[in-house]
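The values are calculated or read from the model by the stated rules, or taken from the named source; none is laboratory data. Note that the structure is a prediction, hence the values are computed from the model and not measured. As a convention, Cβ positions derive from the backbone with ideal geometry for all residues, glycine included, and neighbour counts pool all protein chains shown. For the accessible areas, the whole protein counts, side chains as well, though only heavy atoms, and no ligand, DNA or RNA atoms are used. Shrake-Rupley method; radii C 1.70, N 1.55, O 1.52, S 1.80 Å.
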Amino acid sequence: MKPKPPASSLPPSAPASGAVEQGAVAPGQYSLFDGAAPAPAPAAPREPVGRRSSRYVVYVDESGDHGLESVDPNYPVFVLAFCVFHKEHYAQRVVPAVEAFKFKHFGHDVVVLHETDIRKEKGAFRFTSREHKQGFLDELTGIIDAHNFILIGCVIDKQRLRERSENPYHLALGYCLETLYELMQEKDQDDLTTHVVVECRGKKEDRELELEFRRVCDGANKFGRTLPMQIVFADKKTNSSGLQLADLVARPIGLSFVRPEQQNRAFEVLKRKFFCSGGRRKVGVGYEGWGLKIHPPESERPR
């Protein structure tokens with residue numbers, strides 16, 4: 001197994017403090033939440049896997065069609081995004097910020113922030129002008145920029161898959177779960193259960209996804225060992241801040257690959273969120289092949 005990678009970086013503009021999570025963040029690395037460090041836990045044997053949860057929760061969403069029957073030439077990729085939050089920071093900072101944003105713009109918090117609806121101006125997202133829409137997007141990007149989470153992503157280039165029988169979703173899931181395990185090793189949480197929340201897509205799709213999730217976690221991974229992770233399915237109507245943020249970040253990741261020359265402000269923010277090899281001193285670099293994986297690898301691209 002390769003050496004444990006350094007912690008992911010957070011943007012300099014994020015309200016990160018110098019707090020260090022007990023037994024989880026090495027010197028020179030960011031913690032994933034603000035405020036004082038948690039009080040040291042009393043020395044005691046750890047409970048068996050499955051009886052306690054880790055300090056982190058993961059929200060997952062995708063961008064693009066995972067089918068291979070027809071490939072959209074304008075967006076020939078499938079993207080899977082894992083947003084990893086420290087539970088304390090998520091509950092105390094992230095959720096209140098998203099709720100306050102909704103009350104400000106809609107007068108209630110029932111609306112679900114959905115990237116496709118915002119981009120196409122559907123439903124509640126009918127803007128009065130370009131300036132109105134841009135201001136809305138700027139503020140939403142600011143929330144993502146200002147709050148702490150670590151991003152793990154995988155882009156599947158469907159046009160270049162050698163084995164056409166491969167399922168892009170399952171491929172991406174395997175890569176992301178392996179990277180998530182490396183992150184949990186780094187945070188000393190790798191013997192505790194980490195919950196991975198995904199949105200329901202349909203009975204057949206959910207059943208296939210759960211089987212693949214269990215297969216990977218039962219040992220079909222590059223480590224050849226059991227990964228202590230548990231999948232949680234959420235109804236599409238679930239008003240989860242974490243799922244909505246995962247939905248918002250997935251497409252900018254895909255566009256950074258499909259149209260690398262195009263301005264992509266959202267991805268510039270996300271660069272500083274990716275799990276990377278250089279820690280806080282290498283913010284925004286060292287994430288390719290680390291927190292962001294491309295399959296097939298970039299090195300196999302025609303020159």
### Task
Kindly provide the set of residues from the range 73-90 that are part of a helix (DSSP H, G or I) and either at pLDDT below 95 or out of contact with any strand residue (DSSP E or B) (no Cβ under 9 Å at 6 or more places or on another chain) (or both), ordered by number.
HIS89
### Task
Scan the range 125-156 for residues that are open to solvent by 60 Å² or more (accessible area, probe 1.4 Å) and either part of a loop (DSSP other than H, G, I, E, B) or of a type in the set (Lys, Arg) (or both) and jot them down.
ARG126, THR128, ARG130
### Task
Among the residues of the range 96-111, write down those that are surrounded by fewer than 17 Cβ atoms within 10 Å (Cβ to Cβ), part of a helix (DSSP H, G or I) and among the hydrophobic types (A, V, I, L, M, F, W, C).
ALA97, ALA100, PHE103, PHE106
### Message
GLU69 - would you say it is under 17 Å from the mean Cα position of the chain (by Cα), of a type in the set (Asp, Glu) and closer than 23 Å to GLY202 by Cα?
### Response
no
### Task
Could you check, for the range 112-122, whether at least one of its residues is open to solvent by less than 10 Å² (accessible area, probe 1.4 Å) and not β-branched (Val, Ile, Thr)?
yes
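Do you know which residues across the range 135-157 are farther than 21 Å from VAL285 by Cα, of a type outside the set (Phe, Trp, Tyr) and within 24 Å of the chain's Cα centre (by Cα)? Let's see the steps before the verdict.
Initially, the range 135-157 is screened for residues farther than 21 Å from VAL285 by Cα, giving 135-140, 143, 157.
Those still in the list that are of a type outside the set (Phe, Trp, Tyr) too: 135, 137-140, 143, 157.
Within the range 135-157, LEU137, ASP138, GLU139, LEU140, ILE143, ASP157 meet the criteria.
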### Message
Would you confirm whether or not the range 54-61 contains a residue that is over 30 Å from GLU166 (Cα atoms), modelled with pLDDT of 95 or more, small (Gly, Ala, Ser) and not in a loop (DSSP other than H, G, I, E, B)?
### Response
yes
### Query
List, please: which pairs have Cβ atoms under 8 Å, are six or more places apart or on different chains, and start with a residue in the range 97-115 that is under 14 Å from ASP138 (Cα atoms) and end with one that is among the basic types (Lys, Arg) and part of a loop (DSSP other than H, G, I, E, B)?
none
